[in-house]
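Chemist: Structure in structure tokens, see below.
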Amino acid sequence: MSYNGWTNYETWCANLWVDQESDYWREHAQDIVRQEDNDKDNATYELSRVMDSYYEEFRPEVEGMYADLLLASMSQINWYEIAEHYVDDVLSDIPDEIEE
């Protein structure tokens with residue numbers, strides 16, 4: 001079930017929080033796009049892995065029902081979709097090469 005144009009509520013909500021650090025993620029996206037020679041799919045995949053790992057590392061330790069609910073919600077986040085948002089933004093700023 002989609003939510004406000006995103007895959008689901010969890011992805012939409014995560015994106016709201018990720019956007020609070022948009023400069024940080026845009027810089028990462030720029031670096032990864034360069035490393036991947038402007039290949040959108042590879043850059044998006046790599047950025048999504050970085051985002052997932054980053055937020056997994058800082059996930060608070062909780063127990064019991066709260067742990068189960070938090071893990072269930074986190075597993076629903078479509079990091080690829082969020083990363084694609086940043087990669088598209090970076091790629092849109094790269095001027096098209098003029099063929100002679």
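Chemist: Could you please find all residues in the stretch 78-93 being free of Cβ contacts under 8 Å to residues at least 60 places away in the same chain and aliphatic (A, V, I, L, M)?
Modeler: Residues satisfying the conditions are Ala83, Val87, Leu91.
Chemist: Check Glu46, Glu57 and return the single one that is within 17 Å of Tyr24 (Cβ to Cβ) and open to solvent by less than 60 Å² (accessible area, probe 1.4 Å).
Modeler: Glu46
Chemist: Within the stretch 60-97, can you find the residues that are farther than 19 Å from Arg26 by Cα and of a type in the set (Asp, Glu)?
Modeler: Selection gives Glu61, Glu63, Asp68, Asp96, Glu97.
Chemist: Which one of these is of a type outside the set (A, V, I, L, M, F, W, C) and under 22 Å from Asn4 (Cβ atoms): Tyr66, Tyr45, Tyr55?
Modeler: One residue alone meets the criteria, Tyr55.
Chemist: Sort out which residues of the stretch 8-43 are polar (S, T, N, Q), open to solvent by less than 60 Å² (accessible area, probe 1.4 Å) and part of a loop (DSSP other than H, G, I, E, B), and write them in order of number.
Modeler: Asn8
The values are calculated or read from the model by the stated rules, or taken from the named source; none is laboratory data. Values in this document were obtained by computation on a predicted structure and should not be read as measured data. Ideal geometry is used to build each Cβ from the backbone, glycine not excepted, and the neighbour counts take in all protein chains shown. These accessible areas exclude ligands, DNA and RNA; they are computed on the full protein's heavy atoms, side chains included. Shrake-Rupley method; radii C 1.70, N 1.55, O 1.52, S 1.80 Å.
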